[in-house]
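> Quick one: the structure is below, and I'll ask about it shortly.
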Amino acid sequence: GIELLSRYGFRVSIQTKSDLVLRDVDVIANRRELFDVGVTIITTDKWLTSKLEPRAPSPRRRAGVVERLSSEGVETWIFLGPVIPCVNDTNYHWAEIVELAAETGSTVYYDKLNVRPYVYEALKPFLEQYVPEALTIINDRSEERRWMRRVFRSLESLCRKKGVRCQAAFSAT
């Protein structure tokens with residue numbers, strides 16, 4: 001896999017939620033100029049993570065990936081997404097992530113929840129039970145746009161205060 005790509009000088013960008021990428025830390029670190037590694041972290045709140053990503057490695061383990069690879073001189077970034085209305089859309093959910101980015105020189109890329117039917121159906125019971133107001137925002141395009149402007153301005157402000165590069169992952173955000 002990545003050994004062969006690096007041997008022939010191909011640039012490799014890895015995005016993961018898993019700490020298993022550390023199995024290849026020697027290959028990545030030896031050709032660090034060819035690699036960048038992004039780790040998805042949507043919040044550091046343990047309860048919320050257990051509800052939204054029950055089978056994924058903990059945010060702490062994922063943060064360990066960013067810390068380890070950046071200490072090896074590998075370009076790292078954090079994907080903060082999806083940001084879900086009324087769920088993980090405040091500084092409470094972002095503070096540790098932005099701090100991690102500041103400490104490791106990582107960029108933060110963010111994106112909103114992109115509602116596809118299967119995603120909506122999977123999230124709907126959780127949202128109905130814990131944050132029904134999120135459904136109002138998700139189901140109203142103009143309300144969603146107002147929410148996005150407010151929320152992402154707040155995230156970008158937090159990043160600026162910490163000296164962290166922060167940008168929308170996709171131009172449509």
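The values are calculated or read from the model by the stated rules, or taken from the named source; none is laboratory data. Computed from a predicted model, the values in this text were never measured in an experiment. For neighbour counting, all protein chains shown are included, and Cβ atoms are generated from backbone atoms with ideal geometry for every residue, glycine included. Only protein heavy atoms, including side chains, enter the accessible area calculation; ligands, DNA and RNA are left aside. Shrake-Rupley method; radii C 1.70, N 1.55, O 1.52, S 1.80 Å.
> Consider the range 84-123. How many of its residues are of a type in the set (A, V, I, L, M), open to solvent by 60 Å² or more (accessible area, probe 1.4 Å) and outside any helix (DSSP H, G or I)?
1
> Restricting to the range 46-65, and then to whatever is more than 15 Å from Pro82 (Cβ to Cβ), modelled with pLDDT under 95 and of a type in the set (D, E, K, R), can you tell me which residue is most open to solvent (accessible area, probe 1.4 Å)?
Out of the qualifying residues, it is Arg55.
> Turning to a different aspect of this structure: Where the second residue is open to solvent by less than 20 Å² (accessible area, probe 1.4 Å) and the first is over 23 Å from Ala56 (Cβ atoms) and lies in the range 21-37, which pairs have Cβ atoms under 8 Å and are six or more apart or on separate chains?
Once the first residue is over 23 Å from Ala56 (Cβ atoms) and sits in the range 21-37, its partners that are open to solvent by less than 20 Å² (accessible area, probe 1.4 Å) give Val27/Ser6; Ala29/Leu69; Ala29/Val74; Asn30/Ser6; Arg31/Ser6; Arg32/Val74; Leu34/Ser6; Leu34/Val12.
> Select from the range 10-43 the residues that are assigned to a loop (DSSP other than H, G, I, E, B) and under 17 Å from Thr107 (Cα atoms) and write down the one among them that is most open to solvent (accessible area, probe 1.4 Å).
Lys17
> Continuing with the same structure: Looking only at residues that are at pLDDT 95 or above and of a type in the set (S, T, N, Q) in the range 137-164, which one is surrounded by the fewest Cβ atoms within 10 Å (Cβ to Cβ)?
Looking at the filtered set, the residue picked out is Ser142.
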